[in-house]
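Visitor: One structure coming up, written as C-alpha cells, with questions to follow.
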Amino acid sequence: MADFTLTARQIVLRRMQAADAPVLYAYRSLPEVARYQDWLPHDIDEVQGLSRSQADVEPGTPGTWLQLIIVRREDGEVVGDCGILFPDGARASPELGIALRPDHRSRGYATCATRLMLAYLFDARKVHRVVARTDPRNLPSITVLQRLGMRQEAHLRRSHWHRDQWVDDMIFAMLAEEWERERKRLQAHCENGGV
C-alpha cells in the first residue's frame with residue numbers, strides 16, 4: 001500500500017505502524033481519553049491487529065475507517081490518532097474522529113489534525129459534506145469543531161448507545177462551499193498562529 005501522509009507546520013498525519021501499538025494502547029486505555037470514544041481497545045493485540053488491517057486500507061473505500069497517527073514533525077512523537085469513516089454509499093458523507101494523549105492537549109494539535117482531514121476530503125477527494133459526532137459533554141471537541149467553522153446540525157437526545165447507557169449525540173457538519181470560505185483562515189491559523 002502506498003504511503004499516506006498529511007502535513008502541517010508542526011504535525012504529520014500518517015498511517016499506523018506496528019511500533020505505534022504500545023503508545024496508542026496506553027493512552028486510549030486512559031479513562032479521560034476513553035470516556036467519549038466508541039473504540040476502547042481491550043488489549044495491545046487488538047491495537048496491533050488494527051495496525052495490520054490499516055496497512056491494506058485504500059483511502060476512500062466505502063465502509064472503512066482510515067485511521068491515522070498524529071505525530072510531531074520535530075521528533076516523530078505520537079500525540080494522538082484520528083480517523084475518517086468512508087461510509088457505504090457513493091454520496092454518503094465522510095465522518096471524522098480524533099483522540100489525543102492528555103499530555104498533548106491544548107496545543108492546537110486537534111484543530112490542525114482536523115483541518116488537515118477537512119482539506120484532504122474537500123480538496124483532494126472533492127466530497128460535498130463532512131460530519132463529526134460528539135458527546136455534548138465533550139466541550140474540548142465541540143470547541144475544536146466550532147473553531148473550524150463546522151455547524152451544529154443536531155442534538156440528538158439519548159440516541160447513542162455508549163458504555164452500557166444511552167447518551168446524547170451532537171452532529172456537526174461542513175459543506176464544500178463553507179470549506180471554501182474557511183480554508184484560508186484555517187490554514188493561516190495552523191501555519192502561523194497554531195500548529
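Visitor: Karplus couplings for the stretch 151-165 from phi (6.51 cos²θ - 1.76 cosθ + 1.60, θ = phi - 60°), rounded to Hz, Gly and Pro as x?
Guide: Listing the rounded values in order: 8, 6, 9, 7, 10, 8, 7, 6, 10, 10, 7, 9, 6, 6, 8 Hz.
Visitor: Now for a different question. Would you kindly work out the equivalent ellipsoid of the stretch 25-146 from its C-alpha gyration tensor and give its semi-axes, the square roots of five times the eigenvalues, largest first in whole Å? Display every interim value, and only then the final one.
Guide: Working: eigenvalues 96, 66, 45 Å².
Equivalent ellipsoid of the stretch 25-146: 22, 18, 15 Å, largest first.
Visitor: What residues qualify as long-range amide H neighbours of Val79, i.e. H under 5 Å apart, gap of 5 or more or another chain, H built at 1.01 Å from N?
Guide: Hits under the 5 Å cutoff: Ile70, Val71, Arg72.
Visitor: Additional query: Taking the Cβ of Gly63 as the center, what net charge do the other residues with Cβ under 15 Å away carry, scoring Lys and Arg +1 and Asp and Glu -1?
Guide: Once positives and negatives cancel, what remains is -3.
Visitor: Can you give the local net charge around Val130? Use residues other than it whose beta-carbon is closer than 14 angstrom to its beta-carbon, Lys and Arg +1, Asp and Glu -1. Working shown, then result.
Guide: Details: positive: Arg91, Arg115, Arg125, Lys126, Arg129, Arg133, Arg151, Arg183; negative: Glu95, Asp123, Glu153, Glu177, Glu178, Glu180, Glu182.
Result for the neighbourhood of Val130: +1.
Visitor: Identify, among Thr5, Ala154, Ala19, the residue whose Cα sits farthest towards the positive end of the charge dipole of the chain, taking +1 on the Cβ of Lys and Arg and -1 on the Cβ of Asp and Glu, with the dipole about the Cα centre.
Guide: Of the candidates, Ala154 comes out farthest on the positive side.
Visitor: Can you give me the long-range amide H partners of Thr64? Hydrogens built in the peptide plane at 1.01 Å from N, cutoff under 5 Å, separation of 5 or more residues or another chain.
Guide: Phe86
Visitor: If you don't mind, another one. If we count every other residue with Cβ under 14 angstrom of Arg72's Cβ, Lys/Arg +1 and Asp/Glu -1, where does the sum land?
Guide: On the way: positive: Arg9, Arg14, Arg73, Arg101, Arg105, Arg107; negative: Asp20, Glu74, Asp75, Glu77, Asp81, Asp103.
So the environment of Arg72 carries a net charge of 0.
Visitor: So, one more: For n ≥ 4 DSSP H runs only, could you compute -39500 (n - 2.57) per run for the chain, divide by its residues and tell me the 222 nm figure to the nearest 500?
Guide: Values: 6 runs with 56 residues, N = 195.
Only helices count here, giving -8000 deg cm²/dmol.
Visitor: Positive end of the dipole of the stretch 21-69, charges at C-beta (+1 Lys, Arg; -1 Asp, Glu), about the Cα centre: which of Leu30, Leu68, Ile44 has its Cα farthest in that direction?
Guide: Highest projection toward the positive end goes to Leu30.
Visitor: For the chain, what is the charge dipole size about the Cα centre, in debye to the nearest 20, if Lys and Arg each add +1 at the Cβ and Asp and Glu each add -1 at the Cβ?
Guide: Values: 27 positive and 27 negative charges, 145 e Å.
Dipole of the chain, to the nearest 20 debye: 700 debye.
Visitor: Sticking with this structure for a sec: Grab the Cα-Cα distance for Lys184 and Asp45, subtract it from 0.36 nm times how many residues apart they are, and report the gain in nm with one decimal. Before the final figure, lay out each step's value.
Guide: Working: separation 139, 0.36 × 139 = 50.04 nm, distance 4.14 nm.
Stretched fully, the Lys184-Asp45 segment lengthens by 45.9 nm.
Visitor: Also, I was wondering about something else. May I ask you to evaluate 6.51 cos²θ - 1.76 cosθ + 1.60, the Karplus curve with θ = phi - 60°, for each residue of the stretch 168-176 and list the ³J(HN,Hα) values in order in whole Hz, giving x for glycine and proline?
Guide: Values per residue, Gly and Pro as x: 6, 9, 9, 10, 10, 8, 9, 9, 4 Hz.
Visitor: Enumerate the calculated ³J(HN,Hα) couplings along the stretch 7-22 in order (Karplus 6.51 cos²θ - 1.76 cosθ + 1.60, θ = phi - 60°), each rounded to whole Hz, writing x wherever the residue is Gly or Pro.
Guide: Working through the residues one at a time gives 10, 10, 4, 10, 10, 10, 9, 9, 4, 5, 10, 4, 5, 6, 4, x Hz.
Visitor: So how do 73-85, 30-42 stack up, highest first, on mean other-Cβ count within 10 Å? Intermediate values should be presented prior to the final figure.
Guide: Numbers: 73-85: 17.2, 30-42: 13.4.
Averaged packing, sorted descending, gives the order 73-85, 30-42.
Visitor: Continuing with the same structure: Of the listed peptides 93-101, 123-131, what is their order by residue-averaged count of other C-beta atoms within 10 Å, with the highest listed first?
Guide: Working: 93-101: 20.3, 123-131: 15.6.
Output ranking for 93-101, 123-131: 93-101, 123-131.
Read-outs throughout are calculated quantities, based only on the coordinates presented, and are distinct from any laboratory measurement. If you're wondering where the values come from, they're calculated on a predicted model, not measured in any experiment. Don't worry about glycine lacking a Cβ; one is built from the backbone with ideal geometry, like all the others, and counts go over all protein chains shown.
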